[in-house]
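The values are calculated or read from the model by the stated rules, or taken from the named source; none is laboratory data. Quantities reported herein were computed from a predicted structural model and do not represent experimental measurements. Backbone-built Cβ (ideal geometry, glycine too); neighbour counts: all protein chains shown.
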Amino acid sequence: MLVVGVLVVVIVVLVDRQLRARLIEQLTQTLSHEAAFVAAQWNAGVDADSLADVAGRALASRVTLIAPDGRVVGDTDYGGAALVSTGDAIELYAESNTARGVVRVSMPAERFESTVRASRLNIAAGGLIALVAAMVLAALFARAVSRPVVELRDVARRIAAGDLSRRPSLTAPGEVGELAIAIHQVADQLAARQEAHRAERGLFSELAESLNEGALQVDARQQIIRINETARRLLGTREPVPFSVELLPRDRTLRAAVADAVAGRQTDGAECEVQDRTLRLTARPLEGGGAVVALFDLTPLRKADAVRRDFVANVSHELRTPLTVVSGFAETLATDDPPDDVRRQFAAHILSNTQRMQRIVDDLLDLSRIESGRWIPNASSVDVAACAADAIAAPARDATRRGVVVSVDVGPEAGVVWADPTALRQVLGNLVENAVRHTAEGTVTVFSRNVEGAVEVGVRDTGSGIPSEHVFRIFERFYRVDDGRARDVGGTGLGLSIVRHFVEAHGGTVRAESELGVGTTITARFPVPAVTGP
């Protein structure tokens, strides 16, 4: 629009000058020819003023005849006494000399000035029309160009903000179309790279979360920027990342290892105590700053070591007494010659303690077989009443001697349990034997009941009961509430542990309820198998 406006102004100025000069040149030539023509008509005997009038009317110009002495002898516009006046208007004229004087033909300058003004107005009007047309074309062009450019700008901004789903809709030739195609390709590449990065991060996150070790990453500002669930559990923190190292447990070894790793020094195999756990940590610096820390929970290993030590000690302790008895009596029999009744008594003690050691060994073998996974229950529908009858047959004599009444109480819809028959007999046998052993002049009842779709089988007694602080530990190997009394009645300390392992191998649970002086109830819950379609 500015260019068109300037061009219009320049054209008006140039055309005004050129048109004026051209008109003056042409009019001057015409006036010269007319003056020569009138001069040819000015002869002797011709009235000069009349000639001027006639010629002026014919030529539509002012004709003035001037005598050699400078007098105006004829003029188209003036006559008589006014012949001496030339008027006040600006005129364009041409002269022709003759023997009788000078013929001058003139015309007012206003005549060609009006032509110049009309031409100027026409050019200005044309320029205005061109300017309006330029405005319309400029608006259309700007709209055609700016709309795709604005769209590309908006798409580029959305892509830069992370919205890679946006694509330019423009498909046009030229540079704008090529730019749209380029932005489309860039968005596709960014989306592919972002998806690959997201998949890689997801894989890394899943890998980190699947580790049994705790893993955390610290940046150069000592901020935790990544931490897996294992590390959160071991360190007891739920702070959202990023969070400061200062929020980690205040263990000197842990803090020192993190600080050294951030400073570029590696730590391997250090141990620390956090949240009642023994952790082994490795801290290594990262290129570009920061560090990564790995935590391994040594607590289960330490507990396993303690269990093994306790197991060896317990087995040694359990076997030492009967071995001592057997050794003592056998040595007496080997070195002395006691009477027959004493010899039979010694032999009975040797047999009793040998059987006790045999029971310990058998129970240990059962536990080893179950815990190692070599034993898998062969479950089937087992009649609870028949299995309970088999279980109470062995301790029946001891129960009668103690004045204990053993009974079976099978509840409705609980007559059959899905279990391994041999395992269920051993579970009930251990429970009945244990109940009879700790009950004096009371009752021992084998029961079953249907609870919430599962069958519970157990044994309740009216014996001495168990203190509440010991109830949760009675299923541990070799654990005894009253160590001396248990050995006196012949227990190995492994029966309830075997019961727990058998029940859990079926996918069930076992629990104990007891009250001092009232009795104890131990219940094994066996799940009912899912019913499959035909």
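Kindly list, by first and then second residue, each pair from a residue in the range 415-436 that is closer than 15 Å to ALA393 by Cβ to a residue that is surrounded by fewer than 19 Cβ atoms within 10 Å (Cβ to Cβ), limited to pairs with Cβ atoms under 6 Å and residues at least 6 apart or on different chains.
Final answer for the pair search is ARG425/ASP390; VAL436/ASP398.
All but one of (1) part of a loop (DSSP other than H, G, I, E, B); (2) loosely packed, with under 12 Cβ neighbours inside 10 Å hold for ASP77; which doesn't?
The number of the failed condition is (2).
For residues that are touching a residue at least 12 places away in the same chain (Cβ under 8 Å) and either farther than 11 Å from ILE11 by Cβ or aliphatic (A, V, I, L, M) (or both), tally how many sit in the range 120-134.
6
Are any residues in the range 514-532 exposed (fewer than 14 other Cβ atoms within 10 Å of the Cβ), in contact (Cβ under 8 Å) with a residue 12 or more places away in the chain and not aliphatic (A, V, I, L, M), and if so, which ones? Explain how you work it out, then say what you get.
Going residue by residue through the range 514-532, those that are exposed (fewer than 14 other Cβ atoms within 10 Å of the Cβ) are 515-518, 528-532.
Next cut, in contact (Cβ under 8 Å) with a residue 12 or more places away in the chain only: 515-518, 528-529.
Of everything in the range 514-532, those that are exposed (fewer than 14 other Cβ atoms within 10 Å of the Cβ), in contact (Cβ under 8 Å) with a residue 12 or more places away in the chain and not aliphatic (A, V, I, L, M) turn out to be GLU515, GLY517, PRO529.
Would you check which residues across the range 2-38 are surrounded by 16 or more Cβ atoms within 10 Å (Cβ to Cβ) and basic (Lys, Arg) and list them?
ARG20 - this is the single residue of the range 2-38 that is surrounded by 16 or more Cβ atoms within 10 Å (Cβ to Cβ) and basic (Lys, Arg).
For residues that are among the charged types (D, E, K, R) and modelled with pLDDT of 90 or more, scanning just the range 460-477, find the one that is surrounded by the most Cβ atoms within 10 Å (Cβ to Cβ). So that I can check it myself, show each step before the final result.
Going through the range 460-477, the residues among the charged types (D, E, K, R) turn out to be 460-461, 469, 473, 476-477.
With modelled with pLDDT of 90 or more added as a condition, the list becomes 460-461.
Details: ARG460: 20, ASP461: 26.
The qualifying residue surrounded by the most Cβ atoms within 10 Å (Cβ to Cβ) is ASP461.
If I go through the range 261-281 residue by residue, how many of them are without any contact (Cβ under 8 Å) to a residue 24 or more places away in the chain and crowded, with 16+ Cβ neighbours inside 10 Å? Walk me through how you get there before you give the answer.
Quick first cut of the range 261-281, residues without any contact (Cβ under 8 Å) to a residue 24 or more places away in the chain only: 263-270, 272-273, 276, 280.
Filter once more, so that each one left must be crowded, with 16+ Cβ neighbours inside 10 Å: 267, 272, 280.
Here the count works out to 3.
Which residue, of ARG277, ARG320, is in contact with an Asp or Glu (Cβ under 8 Å, 6 or more places away or on another chain) and not aliphatic (A, V, I, L, M)?
Working: ARG320 fails: in contact with an Asp or Glu (Cβ under 8 Å, 6 or more places away or on another chain).
Result of the check over ARG277, ARG320: ARG277.
Could you identify the single residue in VAL63, VAL54, VAL13, VAL38 that is under 17 Å from SER106 (Cα atoms), without any contact (Cβ under 8 Å) to a residue 40 or more places away in the chain and either hydrophobic (A, V, I, L, M, F, W, C) or part of a helix (DSSP H, G or I) (or both)?
Numbers: VAL63 fails: without any contact (Cβ under 8 Å) to a residue 40 or more places away in the chain; VAL13 fails: under 17 Å from SER106 (Cα atoms); VAL38 fails: without any contact (Cβ under 8 Å) to a residue 40 or more places away in the chain.
Sole residue among the options that is under 17 Å from SER106 (Cα atoms), without any contact (Cβ under 8 Å) to a residue 40 or more places away in the chain and either hydrophobic (A, V, I, L, M, F, W, C) or part of a helix (DSSP H, G or I) (or both): VAL54.
I'd like the residue in the range 433-476 that is of a type in the set (Phe, Trp, Tyr) and in a loop (DSSP other than H, G, I, E, B) and, out of all such residues, is farthest from the chain's Cα centre (by Cα).
Initially, the range 433-476 is screened for residues of a type in the set (Phe, Trp, Tyr), giving 447, 472, 475.
When the remaining residues are screened for being in a loop (DSSP other than H, G, I, E, B), the result is 472, 475.
Numbers: PHE472: 44, PHE475: 46 Å.
Across the range 433-476, the extreme among qualifying residues is PHE475.
Select from the range 75-123 the residues that are among the acidic types (Asp, Glu) and either modelled with pLDDT under 80 or outside the structural domain of LEU51 (by TED's automatic domain parsing) (or both) and list them in ascending order.
Looking only at the range 75-123, we keep the residues that are among the acidic types (Asp, Glu), and these are 75, 77, 88, 91, 95, 110, 113.
ASP77, ASP88, GLU91, GLU110, GLU113, listed by residue number.
Report yes if LEU234 is more than 30 Å from LYS303 (Cβ to Cβ), assigned to a helix (DSSP H, G or I) and either out of contact with any helix residue (DSSP H, G or I) (no Cβ under 7 Å at 6 or more places or on another chain) or of a type in the set (Phe, Trp, Tyr) (or both), otherwise no. Full working, then the answer.
Details: more than 30 Å from LYS303 (Cβ to Cβ): no; assigned to a helix (DSSP H, G or I): yes; either out of contact with any helix residue (DSSP H, G or I) (no Cβ under 7 Å at 6 or more places or on another chain) or of a type in the set (Phe, Trp, Tyr) (or both): yes.
Answer is no for this residue.
For the range 420-434, check the following and say yes or no: at least one residue is of a type in the set (Asp, Glu), outside the structural domain of GLY507 (by TED's automatic domain parsing), crowded, with 17+ Cβ neighbours inside 10 Å and touching a Gly at 6+ places or on another chain (Cβ under 8 Å).
There is no residue in the range 420-434 that is of a type in the set (Asp, Glu), outside the structural domain of GLY507 (by TED's automatic domain parsing), crowded, with 17+ Cβ neighbours inside 10 Å and touching a Gly at 6+ places or on another chain (Cβ under 8 Å).
Quick one: in the range 447-459, of everything that is touching a residue at least 60 places away in the same chain (Cβ under 8 Å) and under 27 Å from THR400 (Cβ atoms), which residue is surrounded by the fewest Cβ atoms within 10 Å (Cβ to Cβ)?
Filtering the range 447-459 for residues touching a residue at least 60 places away in the same chain (Cβ under 8 Å) gives 448, 451, 453-459.
Remaining after also requiring under 27 Å from THR400 (Cβ atoms): 448, 457-459.
Values: SER448: 26, VAL457: 28, GLY458: 22, VAL459: 28.
Here the answer is GLY458.
Go through the residues of the range 452-459 one by one and say whether even a single one is modelled with pLDDT under 75 and out of contact with any strand residue (DSSP E or B) (no Cβ under 9 Å at 6 or more places or on another chain). Give the derivation first.
Kept after step one, since they are modelled with pLDDT under 75, are these residues of the range 452-459: none.
No: the range 452-459 contains no residue that is modelled with pLDDT under 75 and out of contact with any strand residue (DSSP E or B) (no Cβ under 9 Å at 6 or more places or on another chain).
Hey, can you tell me all the residues within the range 253-280 that are part of a helix (DSSP H, G or I) and within 23 Å of LEU301 (Cα to Cα)? Reasoning before the result, please.
Kept after step one, since they are part of a helix (DSSP H, G or I), are these residues of the range 253-280: 253-262.
Matches in the range 253-280: THR253, LEU254, ALA257.
I'd like to verify a number: residues in the range 45-74 that are of a type in the set (S, T, N, Q) and either at pLDDT below 85 or surrounded by 16 or more Cβ atoms within 10 Å (Cβ to Cβ) (or both), how many? Don't jump to the end; show me each part of the working.
Taking the range 45-74 as the starting set, the residues that turn out to be of a type in the set (S, T, N, Q) are 50, 61, 64.
From the residues that got through so far, the ones that are either at pLDDT below 85 or surrounded by 16 or more Cβ atoms within 10 Å (Cβ to Cβ) (or both) too are 61, 64.
Count: 2.
Has the range 190-204 got at least one residue that is closer than 30 Å to ALA144 by Cβ, assigned to a helix (DSSP H, G or I) and not basic (Lys, Arg)? Let's see the steps before the verdict.
As a first pass, look at the range 190-204 and keep what is closer than 30 Å to ALA144 by Cβ: 190-191.
Narrowing the set further to residues that are assigned to a helix (DSSP H, G or I) leaves 190-191.
Applying the additional criterion that residues be not basic (Lys, Arg) yields 190-191.
Looking through the range 190-204, at least one residue is closer than 30 Å to ALA144 by Cβ, assigned to a helix (DSSP H, G or I) and not basic (Lys, Arg).
Checking ALA208 against (1) modelled with pLDDT of 85 or more; (2) in contact with a strand residue (DSSP E or B) (Cβ under 6 Å, 6 or more places away or on another chain), only one condition comes out false. Which one?
So ALA208 meets the others, but not (1).
If we scan the range 398-412, do we find a residue that is in contact with a Lys or Arg (Cβ under 8 Å, 6 or more places away or on another chain), part of a loop (DSSP other than H, G, I, E, B) and in contact (Cβ under 8 Å) with a residue 40 or more places away in the chain? Even if it seems obvious, please write down each step before you answer.
Just the residues of the range 398-412 that are in contact with a Lys or Arg (Cβ under 8 Å, 6 or more places away or on another chain), to begin with: 398, 411.
Among the residues that remain, those that are also part of a loop (DSSP other than H, G, I, E, B) are: 411.
Right, trim to in contact (Cβ under 8 Å) with a residue 40 or more places away in the chain and you get none.
There is no residue in the range 398-412 that is in contact with a Lys or Arg (Cβ under 8 Å, 6 or more places away or on another chain), part of a loop (DSSP other than H, G, I, E, B) and in contact (Cβ under 8 Å) with a residue 40 or more places away in the chain.
Here is a check on your reading of the model: is ARG153 in the same structural domain as LEU254 (by TED's automatic domain parsing) and over 20 Å from the mean Cα position of the chain (by Cα)?
Values: in the same structural domain as LEU254 (by TED's automatic domain parsing): no; over 20 Å from the mean Cα position of the chain (by Cα): yes.
Judged against the criteria, ARG153 is not a match.
Which residues, taken from the range 214-260, are closer than 16 Å to PRO285 by Cβ, in contact (Cβ under 8 Å) with a residue 40 or more places away in the chain and crowded, with 20+ Cβ neighbours inside 10 Å?
LEU216, VAL218, VAL258
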